[in-house]
1. Per DSSP H run of n ≥ 4, the term is -39500 (n - 2.57); total these for the chain, divide by its residue number, and report the mean residue ellipticity at 222 nm rounded to 500 deg cm²/dmol.
2. Using the alpha carbons of the chain, what is the convex hull volume per residue in cubic angstrom, as a whole number?
3. Tell me, what HN-Hα J-couplings in whole Hz come from the Karplus equation 6.51 cos²θ - 1.76 cosθ + 1.60 at θ = phi - 60° for each residue of region 94-101, using x for Gly and Pro?
4. Could you work out the Kirkwood radius for region 172-228, taking every pair of different alpha carbons, averaging 1/r and inverting it, reported in Å?
5. Helix 3-21 versus the longest principal axis of the chain: what is the Cα-based angle in degrees, 0 to 90, to the nearest 10?
6. Would you mind computing Rg(Cα) / (2.2 N^0.38 Å) for region 106-169, counting N as its residues?
7. Could you compute Rg(Cα) / (2.2 N^0.38 Å) for region 22-105, with N its residue count?
8. Order of Trp95, Trp80 from fewest to most other C-beta atoms within 10 Å?
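FYI, it's all coordinate maths here, none of it is from the lab. Only a predicted model underlies this, so the values are computations on that prediction, with no experimental measurement involved. Because the Cβ atoms are built from the backbone with ideal geometry, glycine has one as well, and the counts that use them run over all protein chains shown.
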Amino acid sequence: MKPQYSALALLVLAGAASAQTAPARQDHAVLRQTVSQFLTVQAGGLPGQITVTVGAIDPRLNLAACAAPEAFLPNGARAWGKTSVGVRCVAPSPWTVYIPAMVQVQGEYLAAAVPLAQGQTIGPNDVARVSGDLTALPPGIVTEQAQAVGHTVARSVAVGAPLRQDALRSQQAVAQGQVVRLVSSGPGFKVTADGRALANGSDGQVVQVKTQNGQVVSGVARAGGTVEVTF
């Protein structure tokens, strides 16, 4: 064999050997699929239609192949809106990478059908159901009519604006100084007595009541001036 051909053959063989021994690299498509499946499961209980979009991965990212990449949410992240998901590998070569993603929740929420003034009590015709991406709205959006109807408006709400839970107040059930009916019941018995409320209380709020004999008890305020007491 001529010397130049011998050298060429050696180079070809060396290249083939190098290709055979080069470690396998992690497929980016597998990483994206891992993130998508993970977020779909995490967001499964959210109220609405879930859409998961996985962001781009830098094509220069070169990771060793992993048999079982594991996805997780970093501290402070959640499966809601714009987020980040970590993917890690334990063996054979440990590594961790963070991939951007977006979780959109298409669902219904309540908006003001008419301008709502501060102190106004909301009626059924004052609200309207609207469909949209819940993750693009402020936190605490009202999604059920029962969360709004019968409540009072803590601050004015413009027509078409989404209703927020922190902008609503439950109707006052008892007022400070009001004579209320204390009710305690259980299997086979029901006891009632009068008392005087020591503070204002909304429906479902715990208030203190002073009984006629001077004892102070705590109970749950209910509409109509009733306080449920558990002894």
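1. Details: 2 runs with 34 residues, N = 231.
Calculated mean residue ellipticity at 222 nm is -5000 deg cm²/dmol.
2. Taking the convex hull of the Cα positions in the chain, it is 205 Å³ per residue.
3. x, 7, 9, 9, 10, 10, x, 7
4. Details: mean 1/r = 0.0920 Å⁻¹.
Averaging 1/r across every pair of different Cα atoms and inverting gives 10.9 Å.
5. For 3-21 against the chain, the angle is about 20 degrees.
6. Dividing the Cα radius of gyration by 2.2 N^0.38 Å gives 0.98.
7. Numbers: Rg = 13.2 Å, N = 84, 2.2 N^0.38 = 11.8 Å.
Dividing the Cα radius of gyration by 2.2 N^0.38 Å gives 1.11.
8. Numbers: Trp95 14, Trp80 17.
Least to most surrounded, the residues fall as Trp95, Trp80.
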